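Written below as structure tokens is the structure these notes are about.
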Amino acid sequence: MNKLFKNRRFLWIAMLLMVALVAAACSSDDNADGDDGVEEDAAETGGSPETATEGGISGDLEIQYFVGGYGDSWWKEVIADFKEAYPDVNVIEHAGPNINDEMRSRWISNDPPDVVYIDGAGSSETQMVEDGQLMNLTEWVEGIELEGGDKLVDSFIVQPGKFDGEIYSLPLVFDTWGTWYDRALFQEKGYEVPTDFESFMSSMEEIKEGEGIDPLVTSGQHPYYFLRGMLFPAFAAAGGEELLADLITGAEGAWTSDATLETMKKVERLQEEGMFDSGLGALNHTQSQMNFLLHDNAFIPVGFWLPNEMANDIPDGFDFGFIPSPMQDPGEPFAIVPDLRPLAIAENAENPDAAKAFVEFAFTREYAMAFSEHTGAIMNITEVDLTENENVPGYLTEANAMINDPEQVQIYEKPHPMSADLETPIGNALMSLMLGNMTAEEFVEEAEKAAADYRN
Amino acid sequence: MVQSKKQKYTFLAFCLVPTFIMFAIFTLYPLFSGLYYSFFNWSGSSQNKEFIGIGNYIRLFNDAIIPNTIIHDYFLVVTKVIGIMVLALFFAVALTQLKIKEAPFYRIVFFFPNIMSVVVIGILWTFIYNPSMGLINSGLEFIGLESWTRPWLGSETWALPSLVLPSIWAGIGLFMLMLMGGISNVSKSYYEAAEIDGANQWQQFWKVTLPLVWPQIKISILYIVITTLNGSFVIVQVMTAGGPNNSTHVMGSYLYQQAFVQYNFGYGATIGVMILVLSLITVLLLQFLMRRDKVEY
């Protein structure tokens, strides 16, 4: 063997092979960086001349959508209808609970699907916009009309998020976090449904005594459930949209501000008075939701998707009740911070015309109604009357009415979702506070530090 | 048969070149591309990447979580090496020397966790640790130790130690088999000779068994160290996802979080380089410390 490795020729061959391999690996990246690869791809698929249909829309249309708590039945219906309306378009669906990870390589190699619904783990609108992956829709959206002739831009419940004043995505799903309880249990035992933070505390006190349980649960493995579900509304109620925006963007001094500290004091109080489930630190979101359904706890902050997501595990007689998270001081209206799940078109879409046609096709009041029937959540379109529809769950019509009554509920918009780079360290510190290993003062210091890191 | 030089080299090349190509594609290329990406600011989700030199390395040294992940990793290494080696050696000696009738049965039972996926083991133990309906807390309550019950995986103090038990449980079988192989290779005559010289069971173990299975022990320890440094990620990710408040993050799980949750792929690659360097140093150090002349009687 020794002789073999001493043999120069063999060594040379081996080295050459290695160099060639590394060079090949690196150069393939360089190539993909340029535009050449993309043009080639586009020529391949769009190359075959097809007869144009009305509007001249044809060819392949790739749609990527995440399937989570809302299921996929709404998507199936819309896509089937779209195929009927545009028979020359060949719709290719990329869907599933892990679709964001599965499609990642396509996005990296600049060969994205045409339309993308941004939702679920592994997707981030902020990242996609920052990386220039989404098409600028600012001008195009002005021309879209709903079936009644109303302009789409005037009919959003919540306006599209803007990055430097430009629109890159259209908010499709209007979701909101809030606090859930079992209406049947509350009626049977006469527990009070909270209306503000103080009544929240007294209600939980009662439940603690009456049921012998820790009343409030959330996922400790994913602290953002509590952050988005309880704290965002609490911050908005305490300091309005301005404070909320400062906290989300990590503005200097926002996390150590008095309004923030006061809110965190409430969390500290929840912990000190034993309102949190003692085991929540280990729970993932399904486990915490299961605990809630089994009456191990009485309140849980989750979004509208909860009943749909847990549909197979709901005990008989369980009746979902939903209130905006009651973290505001007495006398104030509830605060709601909508969480929007947008639909967007890829900057490098191979069939942008079909993509635009699909997005326009999906945004109608008819599909908004269908969305509530299929998913138990709300599509981001105004003047959709859910009250007459028997297929829409009761909590939703009730919540919808509440949301539309400014005396009861104030809607606060956030500029964009919080970046994972800020949310992760803050979530970790929050967990420590909720487990009683940190004080509210220490928490705001930690959070301010995380915000400073994030800004740099 | 006399082979010409050419024939000999052709044969060697035939054996070595395909392997080398595979090795280059699946080991060297990822290694070097990892190193390459560690110099970039890259989200890992698009084509945009910006060369930032050693920026990620500077960040690595200023990241307060990194020292903790290293400590957690080595905590797992030390506890696993001790736990697995002591128990595996104990069981191996028991099953080979004590002439237990059910030895084959136990051999299968102990090896069982090794054929299970680590993910399944993680999920299984998450249920065992469940604060309200888990086996451990109900067991403690049953024997009257209610004050000992706690949310094992949900506590910043107890979560990391709680991960040790499943890791040891999952590891014993393989190393037990390796040691059993070593022990059964030791000639019976040594034990007979030792017995005639008046050595008791303990002395036989320390003076005969241990020195003669030392090569197997050494390999086992190295193997546990390497797999722990590279692979404890799985059990952490499944059971605690690094929480609560980073109290169980190991280097691998923190890499995953940075690269795929926080979209800092370049920084994740930097952490990967750190894992590589630390693993190399650890293994070299261990090789040096465990160097011992081969014993032959």
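Structure values in brief
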{"quantity": "Residue-level accessible surface for B:Thr157, protein heavy atoms, 1.4 Å, Å²", "calculated": "110"}
{"quantity": "Protein accessible surface hidden between B and A, which excludes ligands and nucleic acids, total in Å², probe 1.4 Å", "calculated": "3500"}
{"quantity": "Helix-derived mean residue ellipticity, 222 nm - over chain A, DSSP H n ≥ 4, -39500 (n - 2.57), to 500", "calculated": "-13500 deg cm²/dmol"}
{"quantity": "Interchain or long-range residues, amide H under 5 Å from A:Gly59's placed H", "calculated": "A:Asn90"}
{"quantity": "Enclosed volume per residue, in Å³, of the convex hull spanned by Cα atoms of the range B:63-289", "calculated": "152"}
{"quantity": "Net charge, A:Gly148 excluded, C-beta distance under 10 Å - Lys, Arg +1, Asp, Glu -1", "calculated": "-3"}
{"quantity": "Approximate spin-label separation A:Glu398-B:Asn41, in nm, with each point projected 7 Å along Cα-to-Cβ", "calculated": "4.9"}
{"quantity": "Per-residue mean of C-beta atoms belonging to partner chains within 10 Å, peptide A:281-288", "calculated": "6"}
{"quantity": "The range A:85-121 and the range A:401-415: distance between their alpha carbon centers, rounded to Å", "calculated": "33"}
{"quantity": "Dipole of chain B, positive direction: furthest Cα of B:Leu289, B:Ser189, B:Ile58, with charges on the beta-carbon", "calculated": "B:Ser189"}
{"quantity": "GluC sites (Glu not before Pro) within the range A:353-396, DSSP loop, no more than 13 other Cβ atoms inside 10 Å", "calculated": "A:Glu383, A:Glu388, A:Glu390"}
{"quantity": "Given A:Lys83/A:Lys414; A:Lys265/B:Lys80; A:Lys266/A:Lys449; A:Lys449/B:Lys49; B:Lys49/B:Lys80, the pairs whose alpha carbons are separated by over 29 Å", "calculated": "A:Lys83/A:Lys414; A:Lys265/B:Lys80; B:Lys49/B:Lys80"}
{"quantity": "Those lysines that a straight Cα-Cα span of less than 26 Å connects to B:Lys5, excepting residues fewer than 8 apart in one chain", "calculated": "A:Lys3, A:Lys6"}
{"quantity": "Per residue, the convex hull volume that the Cα atoms of the range B:120-212 enclose (Å³)", "calculated": "152"}
{"quantity": "Peptide ranges B:200-209, B:35-44 listed from the most packed, as the mean C-beta count within 10 angstrom indicates", "calculated": "B:35-44, B:200-209"}
{"quantity": "Average beta-carbon neighbours from other chains, 10 Å sphere, peptide B:41-52", "calculated": "5"}
{"quantity": "Cβ-based charge dipole, chain B, positive-most Cα from B:Val164, B:Val213, B:Val118", "calculated": "B:Val213"}
{"quantity": "Length-normalised contact order for the range B:63-289 - Cα pairs under 8 Å, 6+ apart - percent", "calculated": "27"}
{"quantity": "Mean Cβ neighbour count within 10 Å, used as a protection proxy, ranking B:72-83, B:266-277 highest first", "calculated": "B:266-277, B:72-83"}
{"quantity": "Reach of B:Lys188 by Cα under 25 Å, taken over lysines that are not fewer than 8 positions away in the same chain", "calculated": "B:Lys99, B:Lys101, B:Lys207, B:Lys218, B:Lys294"}
{"quantity": "The range B:2-34-the range A:212-267 distance, computed between alpha-carbon centres (Å)", "calculated": "59"}
{"quantity": "Chain A - percent relative contact order, Cα under 8 Å, separation 6 or more", "calculated": "23"}
{"quantity": "Relative contact order of the range A:143-254, defined on C-alpha pairs under 8 angstrom at six or more residues apart (%)", "calculated": "12"}
{"quantity": "Alpha carbon Rg of the range A:59-154, scaled by the compact-globule rule 2.2 N^0.38 Å", "calculated": "1.18"}
{"quantity": "Cα-based reach from A:Lys151 at 14 Å (exclusive), listing aspartates and glutamates while leaving out same-chain residues under 8 positions away", "calculated": "A:Glu139, A:Glu142, A:Glu360, A:Glu383"}
{"quantity": "Listed residues A:Trp177, A:Trp140 arranged by accessible area, highest first, probe 1.4 Å", "calculated": "A:Trp140, A:Trp177"}
{"quantity": "Protection-proxy order for peptides A:287-297, A:311-321, each taking the mean of Cβ atoms within 10 Å per residue, highest first", "calculated": "A:287-297, A:311-321"}
{"quantity": "Relative counts (whole %) of C-alpha pair distances in the protein assembly as shown, using bins that are 10 Å wide", "calculated": "2, 11, 19, 21, 19, 13, 8, 4, 2, 0, 0"}
{"quantity": "10 Å Cβ shell holding at most 11 others, DSSP loop, GluC sites (Glu not before Pro): longest site-free stretch of chain B", "calculated": "B:103-295"}
{"quantity": "Bins of 10 Å from zero: percent of alpha-carbon pairs in the range B:1-52", "calculated": "21, 26, 20, 15, 12, 5, 0"}
{"quantity": "For residues of B:243-251, the mean tally of beta carbons on other chains within 10 Å", "calculated": "6"}
{"quantity": "Fraction of beta bridges assigned by DSSP in chain A that are antiparallel (%, nearest 5)", "calculated": "60"}
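The values are calculated or read from the model by the stated rules, or taken from the named source; none is laboratory data. Since the model is a prediction, treat every value here as computed from it, not as a measurement. Here the Cβ is made from the backbone with ideal geometry for all residues, glycine too, and neighbour counts use every protein chain on show. These accessible areas exclude ligands, DNA and RNA; they are computed on the full protein's heavy atoms, side chains included. Shrake-Rupley method; radii C 1.70, N 1.55, O 1.52, S 1.80 Å.
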